[in-house]
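What follows is a set of notes on a single structure, which appears directly below.
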Amino acid sequence: MEKANRNQMKEINKNMIRKILKERRKATKPELAEITQLSVVTVNALISEMIISGEAIEGDDVPSNGGRPSKQYIYNGNYKLAAIIYGLEKEKRNFFSMLLINLFGECIERRTSCIEYATTESFESWIDEAVNQYQNISAILFGLPGVEENGVITSNDFPGLIGDKFITFYKNKYKIPVLFENDVNATVWGYYQHINSNDIKNVVGLYYPRSYGPGAGIVIQGNVYKGNSNFAGEFAFISVKPSWDEVDFDNTDEVILMLSQILVIYSCVLAPERFVLYGDFLTEQIIKNVIEKVTDVLQGKFTPFIEYKNSIDMDYELGLIHIAINQLEKSEDIKKWS
């Protein structure tokens, strides 16, 4: 077993303090020492470094059980920021939003605009303004409908973004990590974070927009499953009748038939504890009928639990925020050992 060296141990200890201070928002050195089981001397040295870097801020003195007052230290949530840009179809128009979020997941700025034909440079002015105003933007995350592998967008609902230029352009210009996440993967991940249940580990989410092909997000044992070439979830290619591009979304019988066929497939292959369906055409009666039809086709061997939402907005943003925070919190200085 390779032992951690002094620098690694220092980073591990700092991460312990960082985690506790971030969760509590503020704490004294004695409190941090007690929770982390680190010496007060170690806590003092690491907190001093965090103050110098701007990650922590000195607060007020607080009474200390009759002894000398202890100073509180506040975690600076704005120490690092991330720019999240994501696309969403609404009323057959393409809208894009940019959120600037901090380490607490708080949105400190937002802008939205309709961009009918997105290209590589479509978001450059947005990010330029943000970077000029906030020098501590440390990651850029794009949430888009499509497939990306090793920096190459192989398919996308916005043709102008397909290829190897889009992500490379922003990496080269801003010299910070640039991430891509599929819209439905991010949405289902946001849903999974929202339910926050230790009993549910496997979730399949299906999203049916009106103008573009549907997609799925899959969580298996608490992790998003993307498959080889990040292709998992591209179920628009599965042949069912009526298909997504043939169905009349205002015809309840057609919708039930289409959905039940797809859910039978996912039930047989993955049998998740929960399905979550997204589409502006969904109703409680449709879901009830789909459950009955799937249960009947599977001869009562499996009954799906289905939740539905008419919009992906909330879960989509939440998933992207969690992904962005995870990137901001990554420490590149810690060498993994076994």
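The values are calculated or read from the model by the stated rules, or taken from the named source; none is laboratory data. Model, not experiment: these values are computed from the prediction. Here the Cβ is made from the backbone with ideal geometry for all residues, glycine too, and neighbour counts use every protein chain on show.
Observations, loosely collected:
- Taken together, Ile162, Ile153 contain a single residue that is among the aliphatic types (A, V, I, L, M), more than 22 Å from Asp280 (Cβ to Cβ), modelled with pLDDT under 95 and in contact with a helix residue (DSSP H, G or I) (Cβ under 8 Å, 6 or more places away or on another chain), which is Ile153.
- Scanning region 228-245 for residues that are farther than 12 Å from Ile262 by Cβ and either in contact with a strand residue (DSSP E or B) (Cβ under 8 Å, 6 or more places away or on another chain) or touching a residue at least 60 places away in the same chain (Cβ under 8 Å) (or both) yields Ser229, Asn230, Phe231, Ala232, Glu234.
Yes/no per residue for (1) closer than 20 Å to Glu89 by Cα; (2) of a type in the set (S, T, N, Q):
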| residue | (1), (2) |
| --- | --- |
| Glu124 | no, no |
| Asp164 | no, no |
| Val184 | yes, no |
| Gln193 | no, yes |
| Leu206 | yes, no |
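- Cβ-Cβ under 7 Å pairs, at least 6 apart or on other chains, region 135-153 side on the phi > 0 side of the Ramachandran plot, far side part of a loop (DSSP other than H, G, I, E, B): Gly146/Asp157; Gly151/Asp164
- Scope region 137-154; condition of a type in the set (S, T, N, Q) and either surrounded by 15 or more Cβ atoms within 10 Å (Cβ to Cβ) or part of a strand (DSSP E or B) (or both); matching residues: Ser138, Thr154
- Scope region 169-210; condition in a loop (DSSP other than H, G, I, E, B), in contact with a Lys or Arg (Cβ under 7 Å, 6 or more places away or on another chain) and closer than 22 Å to Thr120 by Cα; matching residues: none
- Residue match in region 218-234 (condition: at pLDDT below 95, in contact with a Pro (Cβ under 7 Å, 6 or more places away or on another chain) and either of a type outside the set (D, E, K, R) or assigned to a loop (DSSP other than H, G, I, E, B) (or both)): no
- Taken over region 233-290, the residue count meeting the criterion of being in contact with a Leu (Cβ under 8 Å, 6 or more places away or on another chain) and of a type in the set (S, T, N, Q) is 1.
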